[in-house]
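Report on the following structure.
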């Protein structure tokens with residue numbers, strides 16, 4: 001933008017120059033809040049530098065604008081100007097021309113910085129979000145530590161907390177509205193959040209039954225391991241070495257008994273890495289590898305297809321590995337593999353779900369959504385308030401504060417948290433059964449899946465599983 005303004009400032013009218021200069025002021029303010037090495041003295045500069053990985057916190061729209069001293073800018077007019085003047089494409093077009101004319105070394109330096117067009121579109125989207133009602137959303141500020149080359153990173157993200165207003169505009173203008181999806185259930189909490197004022201008699205719900213016969217699926221709740229130790233993969237006890245070893249012994253048995261492909265879902269990359277390293281040190285991983293070739297879901301999305309090809313080839317050409325019984329894939333709930341990948345037939349003869357895939361209590365976006373649903377208020381300022389210190393502790397590695405917030409939730413917030421878990425579970429286990437002749441076993445490894453049916457509450461998690469699994 002600076003180069004564009006410098007090049008065309010004599011050709012631009014006063015109004016155009018003013019809007020571009022205003023946009024530059026806002027852009028510098030955004031960079032200032034992300035590059036926290038320079039203390040601007042604002043309320044967004046925490047006393048703590050956070051963890052080694054960085055720092056995250058949230059603000060309301062007004063808090064964000066006031067802290068950056070851009071509250072006096074009319075963002076509605078600015079966004080309108082950017083749309084009407086086609087400013088984004090003009091600036092990006094000029095930038096591309098300058099880049100082509102620059103020396104090759106300069107071009108090489110820009111290769112890893114991403115598209116300038118997508119960057120401007122993200123900026124426009126952020127500005128548009130900041131014109132929403134203050135209570136409808138939160139601004140998430142995420143900073144990262146400088147890398148070895150000295151480059152700093154981070155991002156700004158607007159999180160819409162209330163979708164009622166947006167959906168009400170659709171409902172008022174349309175004769176009928178259809179919400180369709182593969183994993184909508186549980187649906188009750190979604191209806192309450194999106195259509196709170198819609199009478200129940202005007203809403204109809206239809207769910208297709210599954211095409212496979214009941215004998216083609218074997219769902220089992222596994223509460224104990226081969227040695228008799230109970231499984232409890234809750235946040236406070238999942239690091240138990242005894243339980244991790246017991247899980248490894250269970251997978252050794254599964255690798256021996258189940259032919260072709262086995263997929264093991266973990267709640268996060270960090271937990272999968274911890275379990276993998278523990279098995280590697282204890283020798284359990286080597287025992288599993290004698291029966292099945294072991295694959296792991298990579299963190300980089302660009303590497304997922306290569307891993308899947310190797311996994312598939314190993315199963316398809318299992319006769320070449322006479323001592324092995326197929327392959328086993330360690331995957332992540334919410335990762336690339338758990339959403340949209342087809343593991344039909346031999347690719348997924350057994351799905352193992354380790355624990356209940358609750359979202360991390362250190363997720364700032366999750367906590368903000370739960371607080372909004374529960375109606376937990378916020379102070380008018382972020383400056384030296386108890387809540388700021390709470391958030392700083394929670395979202396910089398200490399998830400205990402997030403757990404405390406979740407435990408204090410009443411019905412609606414707790415239901416939302418549980419439904420996120422069940423939807424993630426349904427998506428993951430649904431990867432295996434893909435056609436009418438398919439068959440697979442589904443092992444839900446955690447004692448919480450196997451509670452006594454006579455003692456279950458109506459809201460028990462297993463009651464929210466799809467009917468084709470419960471049947």
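The values are calculated or read from the model by the stated rules, or taken from the named source; none is laboratory data. Nothing here was measured: the structure is a model prediction, and the numbers come from that model. Reconstructed Cβ throughout: ideal geometry from the backbone, glycine too, with neighbour counts over all protein chains shown.
Quick notes on this structure:
- Looking only at the stretch 59-85, and only at residues there that are free of Cβ contacts under 8 Å to residues at least 12 places away in the same chain and not in a helix (DSSP H, G or I), the one that is surrounded by the fewest Cβ atoms within 10 Å (Cβ to Cβ): 72
- Failed criterion for residue 202 (all others in (1) without any contact (Cβ under 8 Å) to a residue 12 or more places away in the chain; (2) in contact with a strand residue (DSSP E or B) (Cβ under 6 Å, 6 or more places away or on another chain) hold): (2)
- Residue match in the stretch 342-351 (condition: modelled with pLDDT of 80 or more, in a helix (DSSP H, G or I), more than 17 Å from the chain's Cα centre (by Cα) and surrounded by fewer than 18 Cβ atoms within 10 Å (Cβ to Cβ)): yes
- Residue within the stretch 136-152 that is touching a strand residue (DSSP E or B) at 6+ places or on another chain (Cβ under 8 Å), at pLDDT 70 or above, closer than 30 Å to residue 374 by Cβ and part of a loop (DSSP other than H, G, I, E, B) present: no
- Filter result (part of a helix (DSSP H, G or I) and in contact with a helix residue (DSSP H, G or I) (Cβ under 9 Å, 6 or more places away or on another chain)) within the stretch 9-28: 15, 16, 17, 19, 20, 21, 22, 23, 24, 26, 27
- In the stretch 173-198, the qualifying residues are those that are at pLDDT 85 or above and over 30 Å from residue 434 (Cβ atoms), and the one that is surrounded by the fewest Cβ atoms within 10 Å (Cβ to Cβ) is 175.
- Sole exception among (1) closer than 20 Å to residue 360 by Cβ; (2) touching a strand residue (DSSP E or B) at 6+ places or on another chain (Cβ under 9 Å) for residue 270, by number: (2)
- Considering (1) part of a helix (DSSP H, G or I); (2) in the same structural domain as residue 275 (by TED's automatic domain parsing); (3) modelled with pLDDT of 85 or more, the lone condition that residue 366 does not fulfil carries the number (2).
- For the stretch 423-441, the set of residues classified as surrounded by fewer than 21 Cβ atoms within 10 Å (Cβ to Cβ) and either in contact with a helix residue (DSSP H, G or I) (Cβ under 7 Å, 6 or more places away or on another chain) or at positive phi (or both) consists of 438, 439, listed by residue number.
- When each of 358, 417 is tested for being modelled with pLDDT of 85 or more and within 17 Å of residue 187 (Cβ to Cβ), the lone residue that passes is 417.
Listed here are the residues, each with its yes/no results for (1) in contact with a strand residue (DSSP E or B) (Cβ under 7 Å, 6 or more places away or on another chain); (2) closer than 15 Å to residue 254 by Cα.
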| residue | (1), (2) |
| --- | --- |
| 278 | no, no |
| 288 | yes, yes |
| 293 | yes, yes |
| 311 | yes, no |
| 330 | yes, yes |
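- Search result, residues across the stretch 212-235 that are surrounded by fewer than 13 Cβ atoms within 10 Å (Cβ to Cβ) and more than 30 Å from residue 270 (Cα to Cα): 213, 214, 215
Every residue, every condition in (1) over 17 Å from residue 423 (Cα atoms); (2) in a loop (DSSP other than H, G, I, E, B), yes or no:
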{"position": "189", "(1), (2)": "no, no"}
{"position": "193", "(1), (2)": "no, no"}
{"position": "196", "(1), (2)": "yes, yes"}
{"position": "201", "(1), (2)": "yes, no"}
{"position": "207", "(1), (2)": "no, yes"}
{"position": "221", "(1), (2)": "yes, no"}
{"position": "226", "(1), (2)": "yes, yes"}
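- Listed conditions (1) in a loop (DSSP other than H, G, I, E, B); (2) out of contact with any helix residue (DSSP H, G or I) (no Cβ under 8 Å at 6 or more places or on another chain) are all met by residue 177, apart from (2).
- Summed over the stretch 22-58, the residues that are in contact with a strand residue (DSSP E or B) (Cβ under 9 Å, 6 or more places away or on another chain) and either at pLDDT 90 or above or more than 23 Å from residue 365 (Cβ to Cβ) (or both) give a count of 1.
- All of (1) in contact with a helix residue (DSSP H, G or I) (Cβ under 8 Å, 6 or more places away or on another chain); (2) closer than 30 Å to residue 129 by Cβ hold for residue 209 with one exception: (2).
- Filtering 220, 187, 178, 212 for residues that are over 29 Å from the mean Cα position of the chain (by Cα) and within 24 Å of residue 426 (Cα to Cα) leaves a single hit, 212.
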